[in-house]
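Peer 1: Next up is a structure, given as C-alpha cells.
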Amino acid sequence: MGIAASELCQHVIRPTLIYLGRHSTSAEALLLGAAASQSGLGAALHDSHGHGLYRISERHHQQLWDCHLARDPDLASQVRGLASQHAFLAAPHLELTVNLRYATAIAWLLIETATTELPAADDLLGLARIWCRVFQPHARPRDFIRAWQRCIGSLSRVA
C-alpha cells in the first residue's frame with residue numbers, strides 16, 4: 001500500500017514545489033500522476049529501473065546534476081539543501097528512495113528540463129504525454145491514466 005494521494009500532495013509535492021518557486025496545480029497533478037504511475041504512490045520504492053516514488057534511474061539523476069544543476073549553482077544549492085547532510089555524500093541515489101522531498105525536486109527538474117509548457121491540471125491526457133516523454137518513453141498515455149484512476153481517482157480528493 002502506498003501513500004494517500006492527498007497527503008503526498010499536501011505534505012510533500014506542494015511544499016517542495018513552493019520551496020523551488022515552481023508551484024502550480026498542473027505541476028502538482030503531474031508529479032502526483034507520475035508517482036502513481038511509477039510506484040503506485042510508493043507501494044514499491046525500488047526496482048532495477050529506478051529509485052523512489054518516481055523510479056528515477058541513477059543515470060537520469062546523475063545527468064540532471066551534471067548537465068543542468070551544475071550550470072545553476074543557486075538551484076543546485078537549493079536542491080542539495082533538501083538532501084541529507086551526510087547520507088547524500090555516501091549514497092546520493094539512495095536519497096531518491098528515502099527522501100520524498102528531494103526525490104520530488106529531482107522529478108520536477110527532470111520534467112522542467114524536458115517540458116516548456118504544462119497542460120491544465122485536469123488534462124490527464126496532456127499530463128500523460130509529458131509523463132511518457134520524461135519517465136516512460138515506451139509506455140502509452142493510457143498507462144498513466146489507468147494508474148491515476150487506480151491510485152488517485154479524482155482531483156477533488158487531492159486538493
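Peer 1: If a residue has to be more than 8 Å from Gly2 (Cβ to Cβ), surrounded by 21 or more Cβ atoms within 10 Å (Cβ to Cβ) and of a type outside the set (A, V, I, L, M, F, W, C) to count, how many in region 23-40 make the cut?
Peer 2: 4
Peer 1: Sort through Ile3, Ile18, Ile13 and tell me the only one that's part of a helix (DSSP H, G or I), among the aliphatic types (A, V, I, L, M) and either touching a Ser or Thr at 6+ places or on another chain (Cβ under 6 Å) or crowded, with 17+ Cβ neighbours inside 10 Å (or both).
Peer 2: The unique qualifying residue is Ile13.
Peer 1: Quick one: in region 48-83, which of the residues that are polar (S, T, N, Q) and closer than 21 Å to Ile130 by Cα is nearest to the chain's Cα centre (by Cα)?
Peer 2: My answer is Ser57.
Peer 1: Further, regarding this structure: Would you point out which residue out of Ala70, Ala76, Ala43 is surrounded by fewer than 22 Cβ atoms within 10 Å (Cβ to Cβ), small (Gly, Ala, Ser) and modelled with pLDDT under 95?
Peer 2: Residue meeting the stated conditions: Ala43.
Peer 1: For region 79-92, how many residues are assigned to a helix (DSSP H, G or I) and crowded, with 18+ Cβ neighbours inside 10 Å?
Peer 2: Of the residues in that region, 1 qualify.
The values are calculated or read from the model by the stated rules, or taken from the named source; none is laboratory data. Note that this is a predicted model, so its numbers are computed, not measured. We place every Cβ from the backbone using ideal geometry, glycine too, and count neighbours over all the protein chains shown.
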